[in-house]
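Quick notes on the structure that follows.
The values are calculated or read from the model by the stated rules, or taken from the named source; none is laboratory data. Not measured: the values here are computed from a predicted model. Note: ideal-geometry Cβ built from the backbone for every residue, glycine included; neighbour counts use all protein chains shown. Note: accessible area is taken over every heavy atom of the protein model, side chains too, but ligands, DNA and RNA are not part of it. Shrake-Rupley method; radii C 1.70, N 1.55, O 1.52, S 1.80 Å.
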Amino acid sequence: MYKYFLDIFPLFTIPFNVGLLFFICTMIYKTLRWTMEIEDSQWKILKGFLPQNIWASVKEICRESLLHLRIFKQNLLLGYMHTSLAFGWFLLIVFGNIEAKIVRGGLGTGFELPHYPIFLKYFATEGSHSLPKTVIDFSIRTGFFDFMMDLLLLIILSGCCLAYLKRFHSTTFGMKRTTKLRLGDKITMGALWCIFPARLIAESITSGAYGTGSFLTGTLGNVFAQIIPQAYLLKSVAPFWWIYSITLGIFFVGVPYSRYMHILSEPVLIFMRNAGVKPSKKNSDGFSQAEIFSCSRCGICVNNCQLARATEIRSMQPTYLNREIRHHVPLSQEMLRTCLMCGRCNVTCPVKIDSIQTRANERRAMWSKHNENCFAYLPKVLKESAENSVDVLYFAGCMTHLTPVIKNSMMKIMRAADENFQFLDENGTICCGRPLKLSGQEVEAEQLMAANKERIINSGAKLLVTSCPICYNTFKNEYNLPIEVVHHTEYIQRLIAEGKLQLTKTDEQVAYHDPCELARGTHVTVAPREVLNAIAVLDEQAKQKGEKTLCCGGSLGSTRATNEQRQNIAKAALRHINPDKHTLVTACPMCKRTFAQVSDTKVVDISELVAKNIKE
Amino acid sequence: MKKVLIIGGGVAGMEAAGQLAVLGYSVVLVERKDVLGGHVRKWDRLFPNKRPSEEVVNHLLQKVQHPNVEIRLKRTVTDLRRNPNGSFLAILSDQSPVSADVVLFATGYHLFDAYRKEEYGYGIYNNVITSADLERMFKNGEVKTAEGKIPQRVGIVHCVGSRDTKCGNLYCSRVCCVTGVKQAIELKELIPNVEVFNFYMDLRMFGRGFEQLYLEAQQKHRVRFVRGRLSEASETQDHGIFLKVDDTLVGRPMKMTVDMLVLMVGFEPRKTTFPLLESLGIEKNEDGFIKIRDCHFDENRTNVDGIYVAGTCTSAKSISETINDACSAALQIHRNLSAKVKDKRK
Ligand code: SF4
Ligand code: SF4
Ligand code: SF4
């Protein structure tokens with residue numbers, strides 16, 4: 001009985017089996033727990049099982065969890081490293097299973113114990129008496145499977161080498177620095193690093209002892225056989241299988257305590273996302289938790305964060321934020337408040353984690369007390385009568401009031417187009433509420449928003465035009481206004497298309513900067529370019545544009561970045577956007593102000609250029 | 001005869017040239033404009049005693065009328081190199097070479113570009129001008145708005161582009177406070193019923209005669225000094241400037257309309273000299289002004305041997321301070337050059 005048990009469960013497989021069991025239990029537990037804790041609506045998860053959603057999830061899991069296509073897009077070498085490890089290992093398991101099936105005598109032999117394909121070489125050599133006599137037998141004898149397994153092992157080992165290289169010499173990957181580790185990470189990473197070399201040696205020794213193996217393990221085995229006497233070789237087979245099993249076991253147990261948890265979480269996250277679950281405003285929410293655990297700490301966000309590049313701030317990026325939240329470390333002010341909330345990390349994150357939301361949630365949670373009457377005086381100061389019906393409402397916003405040339409240009413443009421408009425905040429503006437929201441003072445922001453909303457609706461206008469992309473994003477996405485909201489770039493584009501605005505095309509060369517709030521926040525990238533093409537010659541050299549655009553550094557999102565740090569960010573961005581030193585055009589009063597402080601060339605808002613080129 | 005190259009023919013450059021010439025050095029004075037004098041030429045009258053700026057310029061011009069001084073106008077130094085023996089070779093913009101034993105940078109400053117403080121509306125609203133623009137008006141003998149009217153109410157804003165982290169300038173420009181007071185008095189003298197408001201953070205009346213000028217402005221001329229920063233300026237229908245100020249003494253926001261707004265623009269380092277400084281490895285401070293060796297004992301030498309500095313290229317200075325600094329630079333050069341001569345004799 002005991003002997004029979006040992007046949008199926010040789011002792012050395014125990015570490016592996018225990019680890020795997022632990023891993024699977026964790027997976028089930030975490031998945032259930034996150035599902036229960038979804039704040040949005042737990043039942044939404046059922047939608048994930050609709051055929052089209054399942055299909056989408058499977059597709060995305062293959063693309064991202066196995067092939068890591070998004071990482072490939074970011075960085076070839078890094079992509080190869082992830083893919084070779086994940087997909088290579090996956091294939092190794094698949095091939096191992098097929099081969100195991102064949103070795104065991106084809107299909108229909110029933111359920112295979114999980115350790116069997118993993119330690120196949122061991123079992124295959126020990127029990128080689130049961131080789132089948134089918135056609136597939138041929139492929140085994142020709143060594144097809146052995147060859148494939150060796151090839152895959154080689155690919156994985158190359159990925160491992162890259163991983164070592166990245167840890168000790170991250171610049172090879174064009175990355176500035178790789179992420180810092182916790183103890184759990186170190187142990188699990190150490191185990192992961194050892195798994196495949198251990199497997200290589202175990203298989204090679206086995207091959208050497210029994211004369212099997214393909215180009216890699218076979219050759220290495222021959223070498224071993226040459227230098228080590230057969231008796232010793234046979235004796236050293238077991239210890240190496242032990243090492244292999246133990247490293248696997250440690251790895252599986254370590255996963256939930258390390259960043260490798262992402263292997264387990266990411267498929268769950270993808271599934272939830274495809275089921276239509278939306279993030280909530282609390283980080284304890286199941287979806288947010290799945291996001292936080294899905295961060296692989298690949299470091300891509302650190303690499304794309306301008307704070308990391310232009311200043312030396314490298315401790316508050318999403319990778320660290322997710323780590324601290326996950327391990328319940330109290331968040332420092334620096335972690336919370338330095339971030340510009342520019343969102344570049346979000347668009348470059350291969351797991352598509354919405355770290356802006358996560359951080360905003362933490363900021364909100366910081367305010368234990370709110371002032372309900374912060375803006376109680378507003379109704380008194382806003383006594384002005386509701387304007388008799390206008391079509392268009394223009395809202396300059398605080399930032400535009402600090403860059404008066406923009407509002408003047410807009411007045412000129414709207415008059416030239418003969419629009420029936422009202423300048424809503426001509427005599428003093430009420431903030432759109434965004435800065436307060438960004439700092440987490442939701443309750444106070446709501447008061448401002450209510451006052452603005454009332455004013456806007458009372459005007460009876462059908463269209464609200466803003467000059468500031470920050471206001472634009474807020475009015476459009478947070479206010480639920482019954483009227484259309486456009487940014488002035490879109491509005492000008494419309495005026496041109498409708499023939500209301502006649503412009504002269506000049507041969508002035510200009511560079512355009514996509515304001516992050518406009519391009520990333522509200523996806524307006526075509527309108528400004530069309531407008532510019534109508535009046536000037538656009539010379540676009542920036543590679544990071546559209547939703548990947550750089551932040552000017554002036555962002556209201558950060559309350560801790562110093563002026564010097566902001567200027568460094570702006571300078572670095574300028575070198576990228578405007579290397580040939582043309583006039584720099586932006587479409588955001590904040591960008592304009594920030595860049596104007598450090599630019600050698602003139603910085604103008606798009607409206608200025610338009611106003612200058614109106615046909616008389 | 002030992003040779004000194006002086007870059008910049010403003011107050012510092014002229015004073016140093018005059019002093020060095022008398023001490024027996026051959027001086028080449030390079031000036032990029034077609035006249036000597038620098039910024040001071042643009043000024044009408046000077047604090048603290050309302051002396052016409054021409055007097056200062058003429059005084060300095062007399063000093064440089066010396067056989068030892070060779071003046072090269074309308075030229076800049078495009079290249080400056082150190083010879084193996086430690087002396088310098090400069091190439092001027094007309095390709096002519098100038099060799100010198102030591103070089104004195106008297107390259108001065110740049111007035112802050114008020115457009116960069118866009119919220120005050122310079123270059124956007126017709127009647128927002130700078131202190132330098134007002135001096136030009138004084139020179140022409142009349143102060144009028146862009147529409148040709150005589151202003152009845154004028155606002156003067158202190159610290160524009162100075163002590164302002166947003167502009168990246170943390171330092172105080174030293175002379176604008178007293179200039180603001182001086183210009184307020186001059187406005188009062190020129191336009192009998194004009195109301196003048198000075199908006200300041202604090203008033204730095206450190207020099208001889210400054211405090212008296214400040215008292216005169218308050219007591220005799222009834223200039224209104226308002227402590228607080230201008231938060232917003234916008235243009236009214238008839239081209240007045242509508243101001244929002246927080247009066248931090250009374251603790252109340254204040255709104256008013258003025259006919260004219262004058263911005264007291266501060267000093268900035270002269271960026272056009274940066275390539276030259278960098279080519280020689282001359283260090284700058286974080287604010288961009290040239291770094292001196294020691295703030296107490298060695299104010300006229302840079303980190304590079306043989307390169308001296310005088311005047312406002314190292315920090316904001318008044319004219320009196322600039323002249324003192326130039327004298328001290330001349331003396332420092334004299335000391336070092338004559339020491340070298342003695343060394344050789346040994
Ligand atoms: S947040 Fe995204 S980009 Fe950043 S480390 Fe995590 S997975 Fe990578
Ligand atoms: S939002 Fe911007 S500043 Fe903040 S971590 Fe992401 S990339 Fe960096
Ligand atoms: S001198 Fe006065 S006005 Fe000028 S920067 Fe200093 S404090 Fe401001």
- So what does residue B:305 come to for accessible area, using a 1.4 Å probe and Å² rounded to 10? 90
- Post the alpha-carbon centroid distance, the stretch A:268-347 to the stretch A:492-561, in whole angstrom. 28
- Item | Phi to ³J(HN,Hα) by Karplus 6.51 cos²θ - 1.76 cosθ + 1.60 over the stretch B:220-233, Hz, x for Gly, Pro | 7, 9, 6, 6, 8, 9, 10, 8, x, 9, 5, 9, 7, 10
- When the helices in chain A are scored as -39500 (n - 2.57) per DSSP H run of 4 or longer and the sum is shared across all residues, what 222 nm value do you end up with, to the nearest 500 deg cm²/dmol? -17500 deg cm²/dmol
- Task: Give A:44/A:281; A:166/A:548; A:47/A:437; A:73/A:571 a once-over and call out the pairs whose C-alpha atoms are over 20 Å from each other.
- Result: A:166/A:548; A:47/A:437; A:73/A:571
- Message: Let me check something: with ligands and nucleic acids excluded, how do A:185, A:507 order by accessible area (1.4 Å probe), largest to smallest?
- Response: A:507, A:185
- Task: Rounded to whole Hz and in sequence order, give me ³J(HN,Hα) for the stretch B:15-26 from the Karplus expression 6.51 cos²θ - 1.76 cosθ + 1.60, θ = phi - 60°, writing x for Gly and Pro.
- Result: 4, 5, 4, x, 5, 5, 4, 5, 6, x, 9, 8
- Please list, in chain and number order, the residues 5+ apart from residue B:109 or on another chain whose amide H is under 5 Å from its amide H, with Hs placed from the backbone. none
- Query: Taking Cα pairs under 8 Å and at least six residues apart, what relative contact order does the stretch A:458-534 come out at, in percent?
  - Reply: 32
- Task: With the full set of protein chains in place, find how many percent of the accessible area of chain B is carbon and sulfur; take the probe as 1.4 Å.
- Result: 49
- Which residues qualify? For residue B:4, with a placed amide H closer than 5 Å and at least 5 residues away or on another chain, they are B:26, B:27, B:28, B:101
- Counting Lys and Arg as +1 and Asp and Glu as -1 over every other residue whose Cβ sits under 14 Å from the Cβ of residue A:522, the net charge comes to -3
- Task: Put one equal scatterer on each alpha carbon of chain A, apply the Debye formula with no solvent term, and list log10 I(q)/I(0) at q = 0.08, 0.12 1/Å to two decimals.
- Result: -0.70, -1.21
- Accessible heavy-atom area order of A:585, A:405, highest first, probe of 1.4 Å: A:405, A:585
- Each residue of the stretch B:252-265 in order: what ³J(HN,Hα) in whole Hz does its phi give by Karplus 6.51 cos²θ - 1.76 cosθ + 1.60, θ = phi - 60°, with x for Gly and Pro? 9, x, 9, 10, 7, 10, 10, 7, 8, 10, 10, 9, 7, 6
- Please tell me the relative contact order of the stretch B:114-267 in percent, rounded to the nearest whole number, where contacts are Cα pairs under 8 Å and at least six residues apart. 32
- Message: Could you tell me the relative contact order of chain A? Use alpha-carbon pairs under 8 Å, at least six residues apart, and round to a whole percent.
- Response: 12
- Message: Given points 7 Å out from each Cα along the Cα-Cβ axis, report the residue A:94 to residue A:28 separation in nanometres with one decimal.
- Response: 2.6
- Note on the structure: Sorted by chain and then number, the residues having a modelled amide H within less than 5 Å of the amide H of residue B:226, at least 5 places away or on another chain, are B:198, B:199, B:200
- Message: When the expected Rg is taken as 2.2 N^0.38 Å, what fraction or multiple of it is the alpha-carbon Rg of the stretch B:114-267?
- Response: 0.96
- Task: With a ≥ b ≥ c taken as the square roots of the eigenvalues of the C-alpha gyration tensor of the stretch A:452-604, please select rounded if a/c is under 1.5 and otherwise prolate if a/b is larger than b/c or oblate if it is not?
- Result: oblate
- Query: Reachable lysines from residue B:182, Cα under 26 Å, same-chain residues fewer than 8 places away excluded?
  - Reply: B:42, B:50, B:117, B:139, B:144, B:149, B:220, B:244, B:255, B:317
- Item | Where A meets B: accessible area buried, both sides, 1.4 Å probe, Å² | 1300
- What is the Å³ per residue value for the convex hull set by the Cα atoms of chain B? 141
- Item | Probe 1.4 Å, all protein chains present, accessible-area order of A:345, A:62, largest first | A:62, A:345
